[in-house]
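Read the structure below first, then the notes.
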């Protein structure tokens, strides 16, 4: 009935859907943070309405909110630079506020990290971890 190339999606396209690619990347990022960095994972894909936080974890005394960016190919710029723009930053701030509001005991420190996963890199070089990315404005408050 409809051609396979509807909206540019045809047989020449990679058969792995973006959602599956993202979930695979999130699993690799979670494993890396837990095993190699010693993080204690609290939540994965935590949602507040339409907003989502990929991973929430403890790193020592700091609560860490993690955005995972999964790539299937080498990019010209790091994933966090290209994919965490102004709109995404605002959405993450809203989601993080919602997460913190629902806690009975607020953390003394929290930060935002980005984990970039390149599925085509060798296993030892597959994960890049960028810590303490500036996300929150100076007047950021949780009420």
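Please treat every number below as a calculation from the coordinates, not as lab data. Note that the structure is predicted; figures quoted are calculated from it, not measured. Note that each Cβ is placed from the backbone with ideal geometry, even for glycine, and that neighbours are counted across all protein chains shown.
Among beta bridges from DSSP that stay inside region 15-130, the antiparallel ones total about 60%. Legend: calculated FRET efficiency, residue 20 to residue 139, from the Cβ-Cβ distance at R0 = 41 Å, rounded to 0.05, equals 0.55. Ranked for footprinting exposure by Cβ neighbours inside 10 Å, fewest first, 111, 94 give 94, 111.
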